[in-house]
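Just so it is clear, none of the values below were taken in a lab; they were calculated from the coordinates. None of these values were measured; they are calculated from a predicted model. Every residue, glycine among them, receives a Cβ derived from its backbone with ideal geometry; neighbour counts consider all protein chains shown.
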Amino acid sequence: IVAYLSDYENTNVNKIPLLKSTERMGWLDSTSFFPYTAPKEICFETDYEDSNEIHKNLAECGSFEKWLDAATKMRENPFGRFMLASSFASVLLEPLSHRVFFINIWHDTTSGKSAACKMAVSVWGNSLKLMGSFNATAVGLERKADTLRHILYGLDERQLANENRLPMAQIVYGLANGFGKIRGHRDGGIQSMTNWRLIVLSTAEEPLLRDDSHDGMNTRVMELHGKPVDDKLFAAELHHISEKNYGFAGKMFIERLCKEISC
């Protein structure tokens, strides 16, 4: 059978169409960003269902005008504006050769942190599917970061983290290093190396850093204490808007950025 398939492939090498694929989002080269400005013949292909979910939810939905109106109002708050800006800035780390870092927005409950984080993620797609959780395994966190690669990684509610299972320092160091662990493959050899270069935007009711935190964490985390949304009713509205209207701004930003780079 192997000999037959080999002969079949060699005989039809010029007749079987060649398809290129990728299993991650982000920059392919200096002017090509998957899925927005990459050549149309490049398709997404992966063995991981969660990665397929991320790809499917990097899409446009609803009304850009509704999203823009809400984003404009959110930008009136300096913390809300900073969170939105960080979403666009994430895709600039790769061309600027800047290392991965955390932005942690923390404040009391009902301060609009989750709503603002969802709005920031909705720049690229469905925030309900794209956002991650602190309540995850190291492999899960790495796999999602590897798929997003250069797109903002939103992590909501730091208090959900189980530090007995996965210490906060391990989460910060693991994601901020920009690459995953070397792991063996069940069939022998090693798995393909995971890597990423993005901004991790997290929200919490307490800071990530503590008095006894290692200096390495201090250089990898930017802590901001403040309310990103002042009005509770507007925060509730942001939840609804970001879940129904998303995916427009990121695509427009990448298309314009690639056009300016190529000029």
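Taking K and R as +1 and D and E as -1, what net charge do the other residues with C-beta under 12 Å from the C-beta of Lys73 add up to? Here the charged neighbours net out to -2. Computed about the Cα centre, the dipole magnitude for the chain is approximately 300 debye when only Lys and Arg (+1) and Asp and Glu (-1) carry charge, each at its Cβ.
Calculated [222 nm] ellipticity per residue, helices only, for the chain: -12000 deg cm²/dmol; basis is -39500 (n - 2.57) per DSSP H run with n ≥ 4, divided by all residues, nearest 500.
May I ask for the net charge around Thr37, where only other residues with Cβ less than 11 Å from the Cβ of Thr37 are counted and Lys, Arg are +1 while Asp, Glu are -1?
Net charge around Thr37: +2.
Local charge for Asn245 was computed over the other residues whose Cβ lies under 10 Å away, with Lys and Arg +1 and Asp and Glu -1, and equals -2. The residue list Phe253, Leu201, Val221 was ranked by how far each Cα lies along the charge dipole of the chain toward its positive end, using unit charges on Cβ atoms, and Phe253 comes out on top. Of the trypsin sites (Lys or Arg not before Pro) found in segment 196-263, the ones in coil according to DSSP and having at most 12 other Cβ atoms within 10 Å of their Cβ are Arg210. Since only Phe33, Leu18, Ala70 are under comparison, the one whose Cα sits farthest along the positive direction of the charge dipole of segment 1-95, derived from C-beta charges on Lys, Arg, Asp and Glu, is Ala70. So which residue, out of Ala169, Ala249, Ala115, gets the largest mean-square fluctuation from a GNM of the chain using Cα contacts under 10 Å as springs? Its mean-square fluctuation being the largest, the pick is Ala169. Annotation for segment 80-183: GluC sites (Glu not before Pro) lying in DSSP loop with at most 15 further Cβ atoms inside 10 Å of their Cβ are Glu163.
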